[in-house]
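Input: a single structure, listed below in structure tokens.
Each value in this text was obtained by applying a stated rule to the coordinates, not by laboratory testing. Everything quoted here is computed from the prediction, not taken from an experiment. All Cβ positions, glycine included, derive from the backbone under ideal geometry; neighbour counts span all protein chains shown.
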Amino acid sequence: MKRKLTKLFEFSIEKLFLLSAVFCILALGTILIFVFYKGAPVIGKIGFLEFITGTIWQPQAEIFGILPMIVSSVYITLGTMVLAIPIGVLTAVYLSYLAPKKLAVFLRRSIDILASIPSVVYGFFGLMTIVPMIDKYLAKGTGGNGMLAAILILTIMVLPTIISVSETSLRSVSNSYREASLALGATEITTIFKVMVPAAKSGIFSSVILGVGRVLGEAMAVILVSGNAVQMPSSILSRVRTLSANCALEMGYAEGMHNEALYATGVILFGFIILLNILMYIVKTRSERKG
């Protein structure tokens with residue numbers, strides 16, 4: 001009887017895991033179907049190339065061009081990752097191998113708190129501190145809202161994800177690698193960057209992918225600091241609008257073709273995220289094969 005109950009329990013747990021996995025797949029599939037069902041028809045009406053290469057967004061005149069928002073989203077994502085990846089990975093390295101135990105515990109808890117702060121709070125912080133500083137020292141009285149402010153606030157927002165995932169990956173590398181390297185005469189820093197970090201590169205790539213997704217999908221904080229002007233960015237201080245911010249700003253009052261165009265914007269955003277994930281996966285796979 002006990003054996004049968006054990007088998008039944010294991011069978012139930014196995015099916016529960018299966019149902020959880022199926023639920024995740026169904027959730028993703030449902031979202032994809034809904035967004036493409038709502039957004040794909042209007043892309044056909046406008047024309048795909050005209051939609052993604054048009055530079056004018058005037059819903060009242062039924063002119064829908066999202067190229068400025070695509071360029072702004074790409075620039076902000078690249079700028080954020082240029083800042084966030086080195087800071088995040090170096091912080092993860094410090095927490096994993098160099099920080100005193102008590103300090104490491106304190107820093108990890110602080111990073112966890114940073115990850116739990118709502119995005120609107122980040123936006124308010126950027127609006128009240130970063131934007132005025134840019135206005136005073138760089139923009140010279142033009143307001144300070146723009147791409148640079150969005151990059152800085154998104155860098156702060158994405159750091160907890162990169163740090164946590166990278167640190168978990170670094171700590172999962174067998175300590176025997178480190179001991180062997182040190183025994184052969186390598187210094188601590190050489191061992192970390194020549195042995196431990198390359199061994200953990202799969203997890204570090206995963207943290208970057210998660211970070212890119214967070215940056216592309218963030219809307220509220222970006223709305224508060226970016227200036228929300230639909231224009232091609234001419235400099236890092238230009239006021240811009242991203243794809244996600246466009247959907248969040250106008251969905252509340254959009255009707256008819258305007259509403260459909262916002263869903264179409266979501267389709268393009270979804271496509272960008274999928275494309276970036278595929279590219280990152282290809283880079284990650286090639287890197288692992290070379291390693």
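Points to keep in mind about this one:
- Residue 230 vs. criteria under 30 Å from residue 33 (Cβ atoms) and not in a helix (DSSP H, G or I): yes
- Within region 234-244, being crowded, with 18+ Cβ neighbours inside 10 Å and not hydrophobic (A, V, I, L, M, F, W, C) holds for 238, 239, 241, 242, 244.
- The lone criterion from (1) in contact with a strand residue (DSSP E or B) (Cβ under 9 Å, 6 or more places away or on another chain); (2) surrounded by fewer than 10 Cβ atoms within 10 Å (Cβ to Cβ) left unmet by residue 56 is number (2).
- Any hit, region 119-128, residues being in contact (Cβ under 8 Å) with a residue 24 or more places away in the chain and at positive phi: no
- Residue 244 being in contact with a Gly (Cβ under 6 Å, 6 or more places away or on another chain), closer than 30 Å to residue 286 by Cβ and hydroxyl-bearing (Ser, Thr, Tyr): yes
- Filtering region 4-19 for residues that are without any contact (Cβ under 8 Å) to a residue 40 or more places away in the chain and not in a helix (DSSP H, G or I) leaves an empty set.
- Matching option when the condition is touching a Leu at 6+ places or on another chain (Cβ under 7 Å), at negative phi and either of a type in the set (A, V, I, L, M, F, W, C) or in contact (Cβ under 8 Å) with a residue 24 or more places away in the chain (or both), among 257, 251, 232, 280: 251
- Qualifying residue in region 208-224 (condition: of a type outside the set (A, V, I, L, M, F, W, C), surrounded by fewer than 22 Cβ atoms within 10 Å (Cβ to Cβ), under 27 Å from residue 59 (Cβ atoms) and without any contact (Cβ under 8 Å) to a residue 24 or more places away in the chain): no
- Pair list, Cβ < 8 Å and 6+ apart or interchain, from region 133-145 residues that are over 14 Å from residue 239 (Cβ atoms) and in contact (Cβ under 8 Å) with a residue 12 or more places away in the chain to residues that are of a type in the set (S, T, N, Q) and in a helix (DSSP H, G or I): none
- Considering 82, 105, the condition of being among the aliphatic types (A, V, I, L, M), without any contact (Cβ under 8 Å) to a residue 24 or more places away in the chain and farther than 17 Å from residue 156 by Cα is satisfied by 105 alone.
- Selected residue (criterion: farthest from residue 178 (Cα to Cα)) from residues of region 96-118 that are of a type outside the set (Ser, Thr, Tyr) and in contact with a Ser or Thr (Cβ under 9 Å, 6 or more places away or on another chain): 115
- Within region 172-197, considering residues that are of a type in the set (Gly, Ala, Ser) and assigned to a helix (DSSP H, G or I), the one nearest to residue 91 (Cα to Cα): 172
- Hits in region 265-277 (condition: over 18 Å from residue 57 (Cβ atoms) and in contact with a Leu (Cβ under 6 Å, 6 or more places away or on another chain)): 273
- One residue from 39, 65, 29, 47 being in contact with a strand residue (DSSP E or B) (Cβ under 9 Å, 6 or more places away or on another chain) and farther than 24 Å from residue 165 by Cα: 65
- Here residue 63 passes the criteria (1) within 26 Å of the chain's Cα centre (by Cα); (2) closer than 21 Å to residue 241 by Cβ; (3) surrounded by 13 or more Cβ atoms within 10 Å (Cβ to Cβ); (4) not hydroxyl-bearing (Ser, Thr, Tyr) except the one numbered (1).
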